[in-house]
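The numbers here are math on the coordinates, done by the rules we state, and not lab data. Everything numeric here is computed off the predicted structure, so don't read it as measured data. Cβ placement follows ideal geometry from the backbone for every residue including glycine, while neighbour counts extend to all protein chains displayed.
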Amino acid sequence: MFKYLDNAAEIERAVEALALRQEFQFDIPAAEVVKKIVEDVKEHGDNALVDYTKKFDKPGPGFGVNTLKVTEDEINTAYKKVKQPFKNALNKAIQNITAYHIKQRPDEWFETLPLDVVLGQRVIPLNRVGVYVPGGSAPYASSVLMNTIPAKVAGVKEIVMVSPPQINPHVLVAAAELGITQIYKVGGAQAVAALAYGTKTVPRVDKIVGPGNIYVTLAKKMVYGVVGIDGLAGPSNVLIIADDDADAEFVAADLLSQVEHDPTSFAILVTDSKKIADKTKQEIEKQKKKLSRREIIEQAEIIILLVDKMGEAIDICNRIAPEHLELMVGSPQRKLEKIKNAGAVFLGPHSPVPLGDYMAGPNHVLPTGGTARFASPLGVYDFVKTQSIVGYTKPALKNAWKDIKLLAEMEGLDAHARAIDIRFS
């Protein structure tokens, strides 16, 4: 689906619709299906996993409880099917992503105040994390890297990976290169339930990360509270702000690269240049004819918004809060400080989104559904928890005694006040 809008009223309606459309929609029929799956897995464990995998996926002959876990032989076979150039590129990506995430490690701190008051913060890695890797039409080896590396940098001891069968060899090699030894051939809502509640074969985890379809997303929403989750993934999207000096060929290619993900994906160009708007439209029609996933692209939405001023483009971006933002403008750094809502920002004509998807280093698991208004990319901070540390001496507590008592009594919590009083009675 393609739209070209240059009327202010139409643009306003489109932006409002995009902002609302991004909100997570609770699909009631799908939710009922997911609820049953989650309850079945919780009650029947491995047997339910096998039954649902046979129903929804293609696990191959002989699939059963004893074949849920990927074996060392299967990993070795995967390595034989993968070519060396892929392994080389994979390891370059691992190095870059690791180096970036090392800089995100939060610090512990302690301080001693007068009267020997000790305050501090401990940083503790989660013990066990579940990584969901989608199956479907593409082998998401990059998803393995982006969801696993920050967990490893954070110090997570145990990583459990799930993915629908048959798991692509490139995905298995990516997991093996990162040292993941617990890989299970199960996907969908049933995999999320297994990670949340545990089965005899699949261990229970503390947090589940990784994108998936509506069933996976709904299952994550349902089990949140039993385990932590990274967020609720909505349609993948990109917004490009371009001025008169942008290259329309680049702009079109970047718009198309985003909407090949899924029919629900969308891509938006906002420009104050009619020349760029018109040339980009022509380039989209020209380039998409050559693409292998054209059928998916045709179902997705590409929108060109022609505005009067660059300030309007920035306002539209902040309202939509895109997952990805490309600034194809002169001196993009000068525009950056005005961008408040975007998951990841790509500066200039030679920083396309696929650079961030695979190789640059920052995480490609980004806030979707307009949640860039309040959420951040996946990072090391998602795999640690903090503890507050308080240590007072008797003189320090006595110094605060009357103030604590006053506040507690004001709230009507006399037992709180007495817990202080008793130490000095």
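Worth pointing out:
- In a fully extended conformation the segment linking I389 and S425 would gain 10.3 nm over its present Cα-Cα distance, using 0.36 nm per residue.
- Cut-off under 5 Å, modelled amide H: who pairs with L239 long-range: I268, H324, L325, E326
- Label-point gap, in nm, between D27 and Y224 - each point 7 angstrom along Cα→Cβ: 1.8
- Estimated from the Cβ-Cβ distance and a Förster radius of 35 angstrom, the FRET efficiency linking E295 and F56 is about 0.95.
- Between the beta carbons of D244 and R334, assuming R0 = 25 Å, the FRET efficiency works out to 0.95 to the nearest 0.05.
- Summarising the amide proton neighbourhood of I389: residues at separation of 5 or more, or on other chains, whose placed amide H is nearer than 5 Å comprise G120, Q121, R122.
- Backbone N under 17 Å from the M410 label point (7 Å along Cα→Cβ), restricted to region 352-395: none
- For region 51-190, share of DSSP beta bridges that run antiparallel, in % to the nearest 5: 40
- Placing unit charges on the Cβ atoms only, positive for Lys and Arg and negative for Asp and Glu, gives the chain a dipole magnitude near 1160 debye about its Cα centre.
- Backbone geometry of region 348-355 corresponds, through the Karplus equation with coefficients 6.51, -1.76 and 1.60 at θ = phi - 60°, to 3J(HN,Hα) couplings of x, x, 10, 10, x, 4, x, 4 Hz, x marking Gly and Pro.
- Residues in region 115-129 carry Karplus couplings, in order, of 6, 6, 6, 10, 10, x, 9, 9, 10, 10, x, 5, 7, 9, 10 Hz; the curve used is 6.51 cos²θ - 1.76 cosθ + 1.60 with θ = phi - 60°, and Gly or Pro positions show x.
- Too-long pairs where the Cα-Cα distance tops 21 Å, listed order kept, from K92/K220; K103/K152; K58/K87; K42/K207: K92/K220; K58/K87
- Span-like helix ranges in the chain, DSSP H, alpha carbon extent 30 angstrom or more, Kyte mean at least 0.5: none
- Ranked by how many other beta carbons lie within 10 Å on average, peptides 384-397, 317-330 from highest: 317-330, 384-397
- Under the Karplus curve 6.51 cos²θ - 1.76 cosθ + 1.60, θ = phi - 60°, whole-Hz ³J(HN,Hα) for region 158-164, x wherever Gly or Pro sits: 9, 10, 10, 10, 10, 7, x
- Antiparallel %, DSSP beta bridges [both residues in the chain], to 5: 25
- Sorting 206-217, 69-80 by average packing, meaning the other beta carbons within 10 Å per residue, from highest down gives 206-217, 69-80.
- Using C-alpha pairs under 8 Å with a sequence gap of at least 6, the mean separation divided by the residue count of the chain gives a relative contact order of 21 percent.
- With the charge dipole of the chain set up from +1 on Lys and Arg Cβ and -1 on Asp and Glu Cβ about the Cα centre, the Cα lying farthest toward the positive end among the listed residues T371, G120, A313 is that of G120.
- The amide H of D247, built 1.01 Å from its N in the peptide plane, has no neighbour under 5 Å, considering only residues 5 or more places off or on other chains.
- You can think of it this way: the chain between L119 and K200 has 25.0 nm of extra reach, that is 0.36 nm per residue less the Cα-Cα gap.
- Zone of N88's modelled label, taken as backbone nitrogen in region 156-188 under 15 Å from a point 7 Å along Cα→Cβ: none
- Mean separation of Cα contacts under 8 Å, 6 or more apart, over the residue count of region 28-229: relative contact order %: 29
- Farthest towards the positive end of the charge dipole of the chain, among the residues L255, Y184, P322, is the Cα of Y184, using unit charges on the Cβ of Lys, Arg, Asp and Glu.
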